[in-house]
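All remarks here apply to the structure that follows.
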Amino acid sequence: MISNIIGAVVVAVVGVGVAFVNYLISKTVLAKIPDKYSATTVLRQIVQIAFLVIVYFISKKTNYDPMYLLVGAVLGITVPMFIFTKKLLTLNETLRSKEKRKEEEVDG
């Protein structure tokens, strides 16, 4: 039981890393090519699903209960996204306000 919880925590920490990578992908696309941002959703989902599949198959090869590891992985991916989503919204607002200022300078 304790080893399953430790495994879940380890996988959750790796899941935070996966969430951070997804955040960096979104941030880069939003900053450089915002029209293509919706396409990043597909890429991010592929990364997340691949991570969950890897965790599942690793759990089958080890003594860990797959349910503990999958719950840890899902929490590791999901919880940090609350913070990362807020950061992306702030970045988007900043970029839009800069864009509006540029348009006003051109028009004015």
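The values are calculated or read from the model by the stated rules, or taken from the named source; none is laboratory data. It should be emphasised that the depicted structure is a prediction, and the values quoted were computed from it without experimental measurement. Cβ: placed from backbone, ideal geometry, glycine included. Neighbour counts: every protein chain shown. Just the protein is used for accessible areas: all its heavy atoms, side chains included, with ligands, DNA and RNA removed. Shrake-Rupley method; radii C 1.70, N 1.55, O 1.52, S 1.80 Å.
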So for the pair residue 93, residue 6, with labels modelled 7 Å out along Cα→Cβ, what separation do we get in nm?
4.4
FRET E, pair residue 61, residue 20, Förster distance 22 Å, beta-carbon r, rounded to 0.05:
0.25
accessible surface per residue for the chain, probe 1.4 Å, DNA/RNA/ligands not counted, whole Å² -> 71
Give the Kirkwood hydrodynamic radius (Å, one decimal) of the chain, defined as one over the mean of 1/r across all pairs of different Cα atoms.
15.5
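Of the heavy-atom accessible surface of the chain (probe 1.4 angstrom), what whole percent is carbon and sulfur?
Numbers: 5240 of 7650 Å².
Ligands and nucleic acids excluded, carbon and sulfur give 69 percent.
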